[in-house]
1. Mind checking whether some residue in segment 251-258 is touching a residue at least 40 places away in the same chain (Cβ under 8 Å) and of a type in the set (Ser, Thr, Tyr)?
2. For segment 223-250: of the residues being out of contact with any Leu (no Cβ under 8 Å at 6 or more places or on another chain) and open to solvent by less than 40 Å² (accessible area, probe 1.4 Å), which is farthest from CYS161 (Cα to Cα)?
3. Just to be sure, is ALA103 in contact with a strand residue (DSSP E or B) (Cβ under 6 Å, 6 or more places away or on another chain), part of a strand (DSSP E or B), buried (at least 18 other Cβ atoms within 10 Å of the Cβ) and touching a residue at least 12 places away in the same chain (Cβ under 8 Å)?
4. Which pairs do you get when a residue that is under 15 Å from THR165 (Cβ atoms) and at pLDDT 60 or above, found in segment 262-281, comes within reach of a residue that is open to solvent by less than 10 Å² (accessible area, probe 1.4 Å) and not acidic (Asp, Glu), reach meaning Cβ atoms under 6 angstrom, with the pair 6+ apart or on two chains?
5. Determine which single condition GLU34 fails, assuming it passes every other condition in (1) at pLDDT 95 or above; (2) exposed (fewer than 12 other Cβ atoms within 10 Å of the Cβ); (3) acidic (Asp, Glu).
6. If you take the residues in segment 85-99 that are open to solvent by less than 20 Å² (accessible area, probe 1.4 Å) and either under 17 Å from the mean Cα position of the chain (by Cα) or not aliphatic (A, V, I, L, M) (or both), which one is farthest from GLN122 (Cα to Cα)?
7. Which of the following residues is more than 18 Å from the chain's Cα centre (by Cα), free of Cβ contacts under 8 Å to residues at least 60 places away in the same chain and buried (at least 22 other Cβ atoms within 10 Å of the Cβ): CYS81, CYS46?
8. Tell me the residue from PRO147, PRO135 that is at pLDDT below 95 and open to solvent by 50 Å² or more (accessible area, probe 1.4 Å), please.
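The values are calculated or read from the model by the stated rules, or taken from the named source; none is laboratory data. Fair warning: this is a prediction, and the values are worked out from it, not measured in the lab. Cβ: placed from backbone, ideal geometry, glycine included. Neighbour counts: every protein chain shown. SASA here: full protein model, heavy atoms, side chains in, ligands and nucleic acids out. Shrake-Rupley method; radii C 1.70, N 1.55, O 1.52, S 1.80 Å.
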Amino acid sequence: MAGRPYRVPRPPLAASLILVAALLAGCSVTRPAEPTRLRVLQMNLCNSGMAKGCYTGRSVDRAAEVIRAERPDVVTLNEICSGDVAALEQAMTQVHDGTVVAAFQPARNGRTGDPYRCVNGQQYGVGVLAHLAAPDRGHTVHNGFYPAQDPADPEQRAWLCVDATGAYFACTTHLAYTSSTLALAQCSHLLGVAIPQLHARARYQPTVVSGDLNLRHSGAPDVRSCVPADYRHRHDGGVQQFMATADITIESTRSISMAATTDHAAFLVTLTTSRPQDPAA
């Protein structure tokens, strides 16, 4: 007598879904990159008190007004005193939820090796403010001095980057004003040596560099000769420059009046980049 065919019972649908979830439980699933819109605001505040032709003592207050009005995600600051960073960080926290980080890098006094000083005694240099959108994965600060400096100028120039983990690097610098050839050498070091080393050491992320380079588009020398061929590049018509890696799309640029409180208009760049989403557990 022939036996009946044996069939393995099929588990119910709910049990099948639980089994699939269990199999995926320990596996990381990479989600597509998520486009992120960023607004980067560059300002040279001429607030050291040393440059009498542009110092007014009012540029930090005006900068805070611009930050509150424009709500930038990143602010790069040149010619500031260390105390200015806290005031402008407060303005950023007033317009953003979540985390705002502030970094400051003093120039170096080439005669003493100490930080260069503003007339008020505070350290003088460059700064970066960055809003870290949720989820906040932390940040790291990177900085350095250029190997090429003007021996006749006691102010030795530096660069500064904030690594917003999982999102971007935001960098600034203020290059030598005494020699455009020296400024070009410093620019070449930043974009051709320092930032590639940063990518290799920390990991690659989309990168923006914004600052007063004391170099001009179509100048002699031309600032474009130090910008890597695959970088995006915009300028304010003067010496403030914005550069970004090729995975960043620049949507628009705009100059903003600083109401005669400093000798440079603010320079706002709107862009999009890609931020990987958190892996699904």
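1. The answer is no; no qualifying residue exists.
2. Only one residue tops the list, namely GLY238.
3. Yes; evaluated as a whole, the condition is true for this residue.
4. That search, which allows pairs on different chains as well, returns THR273/ILE248.
5. Condition not satisfied by GLU34: (1).
6. Filtering segment 85-99 for residues that are open to solvent by less than 20 Å² (accessible area, probe 1.4 Å) and either under 17 Å from the mean Cα position of the chain (by Cα) or not aliphatic (A, V, I, L, M) (or both), the one farthest from GLN122 (Cα to Cα) comes out as MET92.
7. CYS81
8. Being at pLDDT below 95 and open to solvent by 50 Å² or more (accessible area, probe 1.4 Å) holds for just one of PRO147, PRO135, which is PRO135.
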